[in-house]
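The values are calculated or read from the model by the stated rules, or taken from the named source; none is laboratory data. Just so we're clear, the structure is a prediction, and the values are computed from it rather than from any experiment. Neighbour counts run over all protein chains shown; Cβ positions are idealised from the backbone, glycine included. Calculation scope for accessible area: heavy atoms of the full protein, side chains included, ligands and nucleic acids excluded. Shrake-Rupley method; radii C 1.70, N 1.55, O 1.52, S 1.80 Å.
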Amino acid sequence: MLEMHQVVYRRQASSFELSVPRLTLKPGITLLVGPNGAGKSSLLQLLATARFPDSGIIRYDGLGVERDLAAIRARIGFVPSGVELYEQMTVTKLLRYFAELKGGLAAGELEWLIESFHLGDYRAHKIKTLAQGVRQRVALAQAWIASPSFLFLDEPLNALDTLERLHFTRFVAAHSRSRTIVVSTHEMNEWEAWADHVLWFEEGLPCFYGTAEEWTEGLPASVWTGTVVQGAHRRFDPAQLLHIRPEDGYDELRLLGSRCPGAGFEPALTTLEDAYFIRCRYRAGIAGR
Ligand SMILES: Nc1ncnc2c1ncn2[C@@H]1O[C@H](COP(=O)(O)OP(=O)(O)OP(=O)(O)O)[C@@H](O)[C@H]1O
């Protein structure tokens, strides 16, 4: 359990302020979403103890940084955005080095990391020679050293190819039980099947935290799919339109609306990303904002 209480953090050399009055993050996968500059990376840096708040408290299963920083850090795995790795080290040496910082490798752990993150072909390769996606896999692998209870992943799918994205999201899901994992992402669709909770940030403030079901329920609009004659989509507000697929003589539409947009339309399942669009578009109409 991860608890934040009256946390305020002001970013130096900018007017940005992050403020979390009260928030308890539950075990499982929490998707951290919000626009550029909302404070997602800043929040993850605070949670990972890479930065400290100006005021307020963060507790990790009851432990606080003022007394138990080393013990807390030993239980955290962190992948910052744009992570920098030691370019001259080989993959094996780098993983061993990160493991030393966390108290050493358990028996078989190095092999498990190399296998889990598909790094077998790169053991003896220097970091500077690796493609971006392979570097990212090394960055992800180091976060799993020592089986952390808390994982903070800043846009972890960046640079991964399509198959590796699927592999990684499945891997995280398979290892999310009894861990608190916070994943910042602009790609909600890729986490659709695995997200337990959603945390929405805007301008340094949390404006929603709840289960994935709560995120998609009770919204002021739904998603509708249907067909219209070609060009007729122009009668809809462009902000409502999610997809337009031109077919032979007609357009297939997917759009947001508080009621059925007309004959030939039917309700569609609201995805996590749809709910994000709805919440942004109808913000003023959503209670609790
Ligand atoms: N290195 C920096 N120096 C000074 N200010 C910064 C720096 N990085 C971010 N900021 C400020 O902090 C604010 C929050 O940035 P942050 O990176 O936490 O947002 P974010 O939600 O992660 O954005 P993105 O989706 O683009 O990654 C930014 O608007 C910016 O003003």
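Details
- Long-range HN-HN contacts of Leu151 with modeled amide H, under 5 Å: Gly77, Thr180, Ile181, Val182
- Net length available on complete extension from Phe52 to Thr24 is 8.3 nm, with 0.36 nm assigned per residue and the Cα-Cα distance removed.
- Amide H to amide H distances under 5 Å link Phe208 with Trp200, where only residues 5 or more positions off or on other chains count and H is placed in the peptide plane.
- Shown for the chain: lysine pairs separated by 8 or more places, or found on different chains, whose C-alpha atoms are under 28 Å apart, numbering 8.
- Hypothetical label at Glu87: residues of segment 129-161 whose amide nitrogen lies under 19 Å (7 Å Cα-Cβ projection): 129-139
- Extension gain (nm, one decimal) between Thr129 and Val229, 0.36 nm per residue minus Cα-Cα: 30.7 nm
- Summed residue charge, Cβ within 13 Å of Gln6's Cβ, Lys/Arg positive, Asp/Glu negative: 0
- Scalar couplings 3J(HN,Hα) for segment 202-214, obtained by applying the Karplus form with A = 6.51, B = -1.76, C = 1.60 to θ = phi - 60°, are 9, 6, x, 10, x, 10, 7, 9, x, 6, 4, 5, 4 Hz; x denotes Gly and Pro.
- Label-to-label distance, nm, for residues given as Ser258 and Arg59 (7 Å Cα→Cβ offset): 4.2
- Distance from segment 28-59 to segment 179-237 (C-alpha centre basis), Å: 20
- Of the solvent-accessible surface of segment 63-104, computed with a 1.4 Å probe and all protein chains present, 53% belongs to carbon and sulfur.
- Heavy-atom accessible surface of segment 222-269: percent carbon and sulfur, 1.4 Å: 51
- Per residue, segment 222-269 exposes 63 Å² of solvent-accessible protein surface, assessed with a 1.4 angstrom probe and all protein chains in place.
- Report note on the peptides 164-173, 4-13: ranked by the mean count of other C-beta atoms within 10 Å, highest first, their order is 164-173, 4-13.
- Taking the inverse of the mean 1/r over every pair of distinct Cα atoms in the chain gives a Kirkwood hydrodynamic radius of 20.9 Å.
- Inter-label distance for Asp68 and Arg283, nm, one decimal - labels placed 7 Å from Cα along Cα-to-Cβ: 3.7
- Solvent exposure of segment 2-212 as accessible area per residue, Å², 1.4 Å probe: 46
- Additional length obtainable on full extension of the chain from Ala174 to Glu3, 0.36 nm per residue less Cα span: 59.2 nm
- The residues neighbouring His118, those whose beta-carbon lies less than 9 Å from its own, together hold a net charge of -2 under the Lys/Arg +1, Asp/Glu -1 convention.
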